[in-house]
Amino acid sequence: MANTQKYLNHLLQNTGITPACSEEERAAADIVADIFRDHGFQPEIQEFSASSSEKVAQAAMGIMVFVGAVLMGIGGAVGIVGVIIALAGAVLFVMERSGHPVLSNMGAGGLSQNVIAYHKASGPLASPRNRPVVVVAHYDSPRADLLSQEPYASYRPMLVKLLPFAMIAPAILAVVRLLPVPAPAKIVLWILAIIVALVPLANAVAIIANKFVLPYT
């Protein structure tokens, strides 16, 4: 543990905060590779394209569903716009989940990297039957996660479980409201759609806070 703290302090002093796909993250990767070399490894820096567009797209769709749910009950042209927005959010969500992304493909990606070092088992205790051990650690600095903090952390499992249903249900309720149902029933369906849409809205707020607002860890 003492050695780990020493390397963490070394990274903090030399690179500071290292957001993913940043120059600081690349500098941290070079430092990690140098530490491996000092211990006799031959490290490899493996670059790859990374993007957080999927999460941002999920937040955008959640906001669409909530706005559509609010507008659908106002009536007139505004109500029609609300129905369209709710339907669009649900359709885009289904496409993203079924492997046909639309919104997440629009975001720009960045270049990140992995630092990989191999240590081959050797010495008198080494055996061909030894099982490989993989040790993985992050050296990038993410922002704080709202849903990992109290009192919100306990709601994360429920939010994850309800999210798929809550993304689609307001659109279904919007279509039902277009049918010749009594006016009181339409009001009930409208209120129900808004309540259900609070789930994707809460998820969107958490994503936006994690992406743009909360401090880096």
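Is one or more of the residues making up segment 3-17 more than 30 Å from LEU189 (Cβ to Cβ), exposed (fewer than 12 other Cβ atoms within 10 Å of the Cβ) and among the hydroxyl-bearing types (Ser, Thr, Tyr)? Lay out the reasoning, then the answer.
Quick first cut of segment 3-17, residues more than 30 Å from LEU189 (Cβ to Cβ) only: 3-17.
Among the residues that remain, those that are also exposed (fewer than 12 other Cβ atoms within 10 Å of the Cβ) are: 3-6, 8-9, 13.
Then keep just the ones that are among the hydroxyl-bearing types (Ser, Thr, Tyr); that gives 4.
Taking every residue of segment 3-17 in turn, at least one turns out to be more than 30 Å from LEU189 (Cβ to Cβ), exposed (fewer than 12 other Cβ atoms within 10 Å of the Cβ) and among the hydroxyl-bearing types (Ser, Thr, Tyr).
Go through segment 74-125 residue by residue and tally those that are open to solvent by less than 40 Å² (accessible area, probe 1.4 Å), at pLDDT below 90 and assigned to a loop (DSSP other than H, G, I, E, B).
Residues that pass the stated criteria total 2.
Has segment 52-73 got any residue that is under 23 Å from LYS211 (Cβ atoms), modelled with pLDDT under 90, open to solvent by 60 Å² or more (accessible area, probe 1.4 Å) and of a type in the set (S, T, N, Q)?
There is no residue in segment 52-73 that is under 23 Å from LYS211 (Cβ atoms), modelled with pLDDT under 90, open to solvent by 60 Å² or more (accessible area, probe 1.4 Å) and of a type in the set (S, T, N, Q).
Right, LYS161: open to solvent by 40 Å² or more (accessible area, probe 1.4 Å), charged (D, E, K, R) and under 23 Å from the mean Cα position of the chain (by Cα) or not?
Details: open to solvent by 40 Å² or more (accessible area, probe 1.4 Å): yes; charged (D, E, K, R): yes; under 23 Å from the mean Cα position of the chain (by Cα): yes.
The answer is yes for LYS161.
Got a number for residues in segment 115-158 being touching a Cys at 6+ places or on another chain (Cβ under 9 Å) and hydroxyl-bearing (Ser, Thr, Tyr)?
Within segment 115-158, the first condition is being touching a Cys at 6+ places or on another chain (Cβ under 9 Å), and the residues that meet it are 140.
Right, trim to hydroxyl-bearing (Ser, Thr, Tyr) and you get none.
Here the count works out to 0.
Checking the structure you have, find out if any residue of segment 144-158 is in a helix (DSSP H, G or I), among the aliphatic types (A, V, I, L, M) and open to solvent by 70 Å² or more (accessible area, probe 1.4 Å).
Quick first cut of segment 144-158, residues in a helix (DSSP H, G or I) only: 146-148, 153-158.
From what is left, the residues that are among the aliphatic types (A, V, I, L, M) are 146-147, 153, 158.
Still in the running and open to solvent by 70 Å² or more (accessible area, probe 1.4 Å): 158.
Yes, that holds for at least one residue.
Suppose the filter is out of contact with any Phe, Trp or Tyr (no Cβ under 8 Å at 6 or more places or on another chain), over 20 Å from TYR216 (Cα atoms), open to solvent by 90 Å² or more (accessible area, probe 1.4 Å) and not charged (D, E, K, R); does VAL181 pass it? Outline the logic, then answer.
Working: out of contact with any Phe, Trp or Tyr (no Cβ under 8 Å at 6 or more places or on another chain): yes; over 20 Å from TYR216 (Cα atoms): yes; open to solvent by 90 Å² or more (accessible area, probe 1.4 Å): no; not charged (D, E, K, R): yes.
In short, no.
Working only within segment 22-47, note down all residues that are over 17 Å from ILE116 (Cα atoms) and outside any helix (DSSP H, G or I).
SER22, the sole residue that qualifies.
Under 7 Å between Cβ atoms, at least 6 apart or on separate chains: pull out the pairs that start in segment 25-50 with a residue that is closer than 17 Å to GLN13 by Cβ and end on any residue that is open to solvent by less than 30 Å² (accessible area, probe 1.4 Å) and in a helix (DSSP H, G or I).
From residues that are closer than 17 Å to GLN13 by Cβ, the pairs are ALA27/THR15; ALA28/THR15; ILE31/THR15.
Would you say VAL188 is farther than 30 Å from ARG143 by Cβ, of a type in the set (Val, Ile, Thr) and open to solvent by 90 Å² or more (accessible area, probe 1.4 Å)?
On the way: farther than 30 Å from ARG143 by Cβ: yes; of a type in the set (Val, Ile, Thr): yes; open to solvent by 90 Å² or more (accessible area, probe 1.4 Å): yes.
Here the answer is yes, as VAL188 does meet what is asked.
The values are calculated or read from the model by the stated rules, or taken from the named source; none is laboratory data. These numbers come from a predicted model, not from an experiment. Note that each Cβ is placed from the backbone with ideal geometry, even for glycine, and that neighbours are counted across all protein chains shown. What goes into the accessible areas is simple: the full protein's heavy atoms, side chains included, and nothing from ligands, DNA or RNA. Shrake-Rupley method; radii C 1.70, N 1.55, O 1.52, S 1.80 Å.
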